[in-house]
Every structure is written in C-alpha cells, then in structure tokens.
Amino acid sequence: MGVVAFLFDLDGVLADTHRIVIDGWHKFAAQHGRTFSDEDIVERLFGRRTVDILVEIFGIDPADATDLAARGMDDKRAEVAAGAVLAPVRGAPEFVRATIAAGIPCAVVSSASEGNIELALEHIGLGDVLDVVVGHDHVQRGKPAPDPYLSGAAALGFAAPDCVVFEDTVPGIAAAHAAGARCVGVASLGRPELVETADLVIPDFAGLRPGDVLSRLVASVPRAARPGARYPDMSTAAGGGERPS
C-alpha cells in the first residue's frame, strides 16, 4: 500500500468504553423523560458527537446543545473515579506501540471530548505515545461526515486516501470512506455485522501486527469496488427515522 498512516477511533477501538457510554446515555435520557434500550444506543448514538446527538435525537436547540457539551455534560471522570472500568480493547495498546515502532504515524480521531480522550488514553496506557488527537470540537461536522478523518490525516501530513482508519461504528466507517480512506472494522462488541461495511473486519487487536493489517488490506477488494456494494442509509443508522420514546 506504500507509505501509510493509521487513524484510530477511540471508544470501542482502543478503549472499551461501551458500558460507561451506554450507562451515561441511559442516565441523561431518564433525566429528560426518555427511554432507550442498549441496542438503541449502540446502533444510533455510538460514534457520533454529543452535540449532534443532543440536537438530532433529543431535539435540543443547537445553541443549548453546544453549551451542554462545552460544560462537559458527558465528562466521564466522575464515573471512572467512582469505580467504572475503563480498559483497553484486547491487544490495542500493544498494536499501537508496534505500529509506532514500525515507523507508521498514528493519530486518534474521536467524537469524544478532549477531556474524555485524555482520560481514556491515560487509563489504557497510551497517553505517552499518541499525541496527535482530533476530538469533537476540532471539526465543524462530526462523523459520518469526512471532516474528522480529513483533519486527522492532515495533522499527520498525509492525504486521507493514504491512511488506514480503525473504526467500530457505522457513522465512523462512513466517515472514513467519505474521506477516501481504507477502513478496518473492529468488532469489539462481538457483533461483526455492525462493521460489515468496512474493508476488513477484525475482532480485536490480539496477536495482530501492523504488517498483517496492511497485507490483508492489499489482498482485499476495496469496499467501493465490490459488486453491488453500497453504504448504509445514515438517516436511520445514525439517528434518523423513528426515535425511541
């Protein structure tokens, strides 16, 4: 594939934050008279910026949503301090360190706030090695728009088509492809169907080397070139359609 850079989503790719994020949205929804199932949250909220969720799912005024997000309504430090587990996705720290050792530039591209990104990286042992970070407030449009991955690639001095993205959500994979990047879907929830639109699907990073990923991507057919391939309808997968009560 030539010279490449790796762009990592954070939640569900490097850090196993599934339970913390789900519980946080359950709490917020209850405070606003709404109910969600875990499945609703995984399929419709995961991968998206908080401000976009507040506006499009909860119907909150954009100015108020921006203020809520700026005031840290989704800050996870209290939960972690109270004992919530924040662990790495299996094999992720070792894979990132091996990638850097191989001379492949890396960045984190996340829909999370800068504070939550720093918290997660510190807890999974990568706070000292991943210093190029694109968070939710660094771009005008969040995933599934291509802006986050275009910004992450540019921060490393690369064009997005020369990058490999690691993602675990439908909006994230759509953003990677919209930017022109190849995408590895990380099925960290044990549900590969959630990341089937990626160019390559892995369960996690255990025993995986950067060269393995690159060789498997070279051998695979790019998603956009597969007969009949099409990307999912983001109006439903990322928050449109009928809303939870």
**Request:** Determine if the stretch 28-47 includes at least one residue that is touching a helix residue (DSSP H, G or I) at 6+ places or on another chain (Cβ under 6 Å) and within 30 Å of Gly103 (Cα to Cα).
**Result:** yes
**Prompt:** Restricting attention to the stretch 148-167, which residues are in a helix (DSSP H, G or I) and either surrounded by 20 or more Cβ atoms within 10 Å (Cβ to Cβ) or touching a residue at least 12 places away in the same chain (Cβ under 8 Å) (or both)?
**Reply:** Pro148, Tyr149, Leu150, Ser151, Gly152, Ala153, Ala155, Ala160, Pro161, Asp162
**Request:** Just give me the residues in the stretch 6-54 being surrounded by fewer than 21 Cβ atoms within 10 Å (Cβ to Cβ), small (Gly, Ala, Ser) and assigned to a loop (DSSP other than H, G, I, E, B), in sequence order.
**Result:** Gly33, Ser37
**Item:** Subset of the stretch 64-85 (residues that are closer than 19 Å to Val133 by Cα and outside any helix (DSSP H, G or I))
**Value:** Gly72, Asp74, Asp75, Lys76
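To keep it simple, each residue is scored yes or no on (1) touching a strand residue (DSSP E or B) at 6+ places or on another chain (Cβ under 7 Å); (2) over 20 Å from Lys143 (Cβ atoms); (3) not basic (Lys, Arg).
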residue: Gln31; (1), (2), (3): no, yes, yes
residue: Asp38; (1), (2), (3): no, yes, yes
residue: Glu43; (1), (2), (3): no, no, yes
residue: Glu56; (1), (2), (3): no, no, yes
residue: Arg77; (1), (2), (3): no, yes, no
residue: Ala81; (1), (2), (3): no, yes, yes
residue: Ala92; (1), (2), (3): no, no, yes
**Counted residues, the stretch 33-59 - those being closer than 20 Å to Asp23 by Cβ and free of Cβ contacts under 8 Å to residues at least 60 places away in the same chain** = 6
**Options Ile104, Ile173: the member that is at pLDDT 90 or above, in a loop (DSSP other than H, G, I, E, B) and in contact with a helix residue (DSSP H, G or I) (Cβ under 9 Å, 6 or more places away or on another chain)** = Ile104
**Request:** Could you please find all residues in the stretch 187-237 being closer than 16 Å to Thr169 by Cα, in contact with a helix residue (DSSP H, G or I) (Cβ under 6 Å, 6 or more places away or on another chain) and modelled with pLDDT of 60 or more?
**Result:** Ala187, Thr197, Ala198, Asp199, Leu200, Val201
**Prompt:** Among Thr50, Thr35, Thr66, Thr99, which is the only one that is in contact with a Phe, Trp or Tyr (Cβ under 6 Å, 6 or more places away or on another chain) and of a type in the set (Ser, Thr, Tyr)?
**Reply:** Thr99
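The values are calculated or read from the model by the stated rules, or taken from the named source; none is laboratory data. All figures in this text were calculated on a predicted structure; none of them were measured in a lab. As a convention, Cβ positions derive from the backbone with ideal geometry for all residues, glycine included, and neighbour counts pool all protein chains shown.
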